[in-house]
Amino acid sequence: MANSFIRSITDAPFMLDASDLTESRLIQQCFDVVGVFVAAVDLQGCVSLVNRKALEILELQDSDVVGKTFVDTFIDAPEQENTRRVLQEIMEEKAVQTNSAQYKLRAANGKVKILEARNILIRNRQNHVLGILISGKDVTGFVKSQHALQNDLELYRVLANNIPDINLFLFNKELKFILAEGTEMKNNGFTRNSFEGRLLSEISCDTTRNLWEPLFKKALGGSEASSEYRYNNYYYLIWVIPLQNQQNETYAAMAITQNITDDKRVEQKLKRSKENAEKANRAKSEFLARVSHEIRTPLNAILGFTEQLHHTPLNKKQTEYVKIIDKSSEHLLSLINDILILSKIEARQINFEHTPFLVEHTLQYVYNALLVKAKEKNLSFTYSVDDTLNQVLLGDAFRLRQILMNLVSNAVKFTQNGYVELRCFAVDERDDELSVRFDVIDTGIGIKSDQLKTIFEQFRQADSSITKQYGGTGLGLTICKNLVEMQSGNLSVSSQQGIGSTFTFVIPYKKGKETDIIPDNTGTVDREKLQNKRVLLVDDDSVNRLLGKTILEKFNCRLDIAINGSEAIQKLKHHTYDIVLLDIHMPDISGTDVARFLRFEMKDKSTKMVAVTAAVMKDDIQRYYKAGINDFLVKPFKEIYLFNKMCEVLQIQQQTYPKAREEILLKEALSPKLYNLTELKQMTGNTPELMQQMLLTFEENSLKAIAAFE
């Protein structure tokens, strides 16, 4: 009865005689039982009647409300002028009275309550206006949620219509679309009217509806969702994001679809390009391996027999010829190694040592190595070291030597008259670090100013005529620049054509506390160490067999020879050896097959095997290890390196045996840097079980992080 009465007075002018107290009490009682805000405001703007629900919303008593000015007392200050104007227009019948309005009421606790209300004129029986009846619901929570959404709607529309390939949808908890905008709809045969005001279940496209529904429901549950799908020959990515109020309650969600067709095509193209690049890279690796093998094999014989010839009695002219052959062979080997180094730099596979060394030792090595070449050209060749550098540093002496050898060798090569000077001094010393500057100065041909920027590029030299006159691959400076920069240093050049050049680089080093500097030499051959060791030499090349026989007999080994893989297997079946020196590429059975036969068929774990080969790419070496081969020796080699390798593998006198430059380069790619577990040991009290658990946890977290990055 009460609700029907309220509906009647809100749908038509309400006739009230203020003097009729009985009727007034009846209306008050009726208003008190309804669950909406009801208040009557007279012509002076004062509250003349208020129901129980209104008092609850305002958190006040009847005496605190009746007689008070409605606008000044109960309307939030920023809204007072506007509310006063609205009420005045209604009373003057300038506004449609039944239109709903929002009032921001200020409750007793200072909180603002939002009232969605209707305004009805109160008239007496003479049809005179007595005031306004305000009735409505407290929609504070709903309005705050919707307000944030509504404020963003226009922005959403602008964004969706100005970002290519995007559609944007807003929908409420009933899965009804509030907004649908975007430039991509026409590709799908839709317009905004296909969605706005409709439920998801009312969308005509079954494919879209079935795909979107679980994503939408997940978002309304408070979780983000995304998926890829294909529609009308287009590829789309959809994100669905929950919209939440300050209480973290989800009141709506937003879906964004993006046309990723072009991205997919690019992705497919990139995938094909990646496959082609990988094929090209494999082809390059195979080419380098083949070239390296084909050059190293005969070069091994040239270098090896040149060395053996040098140990025989020779007259002055013969000695001169042998030196020329030896230098030419070393130069050819250097070019091959430059290509190897460059490929490792490109793959970022070079590791740098942090071992104690003295800078002066490295400079002495470079000076002694190139002094003869400088004297041959009647050049003055000197070096100087700052006294500050008479201390132990931690770094990679081998790499420093490699850089200096390249730069000083170039300086000697391109200087016909005058001098070459190598200077070294400290430029920035701190408590635990020292930056060292190296200057390589010459009075050579110099470099044109417009060519200074290109000389560090691969296969580039300052002038094409230089290649004809001086030779070289144009890789030396590229290698130097990369090696310097990979040690946090920098390399630069200043030059004047016809006057000379100065190459300068600075590398920071940590200061060392150790004084036990390992001497930089290759050692000497001690024939007694390998005496009577049983050796099987396997090689299909007669020249290399002869070279191997010549060297091994000098070591006083008990030598047996196999000319191919089949013969090697037969010998292994009937004889026992301390060490097998294996060529890898043989026409019948490869060296790796021989190794697998010994390790996995004969179950021989004690016989040592060394691959003596020119096939030394990363994949090759890994294949040797998998076959059970203990180590490798790169062709070409000097006899001291063969001696050192055999002693190392046979574990004769535990010591560090110097290795050939090529072997150091190659093993870097196979020996990743390990973690220092010192702190972990301290944390765990050196308890193996706890360390293992922490490492497993680290591994698990790392894998998750990698997946997240991807």
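The values are calculated or read from the model by the stated rules, or taken from the named source; none is laboratory data. Since the model is a prediction, treat every value here as computed from it, not as a measurement. A quick note on method: Cβ atoms are made from the backbone with ideal geometry, for glycine too, and the neighbour counts reach across all protein chains shown. Accessible surface areas use protein heavy atoms only, side chains included; no ligands, DNA or RNA. Shrake-Rupley method; radii C 1.70, N 1.55, O 1.52, S 1.80 Å.
Taking only protein heavy atoms and a 1.4 Å probe, the accessible area of segment 350-446 is 44% carbon and sulfur. Computing the accessible area with a 1.4 Å probe over protein heavy atoms, can you report the carbon and sulfur percentage for segment 474-611? Its accessible area is 46 percent carbon and sulfur atoms.
If Tyr383, Tyr321 are ordered by their accessible area, calculated over protein heavy atoms with a 1.4 Å probe, which sequence runs from highest to lowest?
Working: Tyr383 65, Tyr321 125 Å².
Result, largest first: Tyr321, Tyr383.
A 1.4 Å probe run over the protein chains yields, for segment 583-633, 42 Å² of accessible area per residue, whole-number rounding. Going 7 Å from the Cα of Lys218 along its beta-carbon direction, which residues of segment 248-273 have the amide nitrogen within less than 19 Å of the resulting point? Backbone N within reach: 250-260.
Size descriptors for segment 153-275 (Cα atoms only): Rg and Dmax, in that order, 15.2, 51 Å. Could you list, bin by bin from short to long, the percent of Cα-Cα pairs of segment 163-235 in 5 Å steps? Reading the bins upward from 0: 3, 15, 26, 30, 20, 6, 0.
Per residue and in cubic angstrom, what volume does the convex hull of the Cα atoms of segment 516-636 have? The partial results should precede the final answer.
Working: hull volume 16.1 nm³, N = 121.
Dividing the Cα hull volume of segment 516-636 by its residue count gives 133 Å³.
Backbone geometry of segment 32-42 corresponds, through the Karplus equation with coefficients 6.51, -1.76 and 1.60 at θ = phi - 60°, to 3J(HN,Hα) couplings of 5, 7, 8, x, 10, 5, 9, 8, 10, 10, 7 Hz, x marking Gly and Pro. Summarising the label geometry, the points placed 7 Å from Cα in the beta-carbon direction at Asn193 and Leu237 lie 3.4 nm from one another.
For the residue pairs Lys533/Lys638; Lys533/Lys626; Lys176/Lys704, alpha carbon separations beyond 27 Å are given by Lys176/Lys704. The Kirkwood radius of segment 360-443, taken over pairs of alpha-carbon atoms, gives through the Stokes-Einstein law at 4 °C and 1.567 mPa s a diffusion coefficient of 97 µm² s⁻¹.
Along segment 587-598 the Karplus relation, 6.51 cos²θ - 1.76 cosθ + 1.60 evaluated at θ = phi - 60°, assigns HN-Hα couplings of x, 9, 10, 6, x, 5, 5, 4, 5, 4, 4, 5 Hz to successive residues, with x for each Gly and Pro. Within straight-line reach of Lys104, meaning a Cα separation under 20 Å, sit the following lysines at least 8 residues removed in sequence or on another chain: Lys53, Lys68, Lys113, Lys137, Lys144. Calculated FRET efficiency, Gln451 to Asn417, Cβ-Cβ distance, R0 = 22 Å: about 0.50 to the nearest 0.05. Across segment 404-414, computed HN-Hα scalar couplings (Karplus, 6.51 cos²θ - 1.76 cosθ + 1.60, θ = phi - 60°) run 5, 4, 5, 5, 5, 4, 4, 4, 5, 5, 9 Hz from first to last residue, x flagging Gly and Pro.
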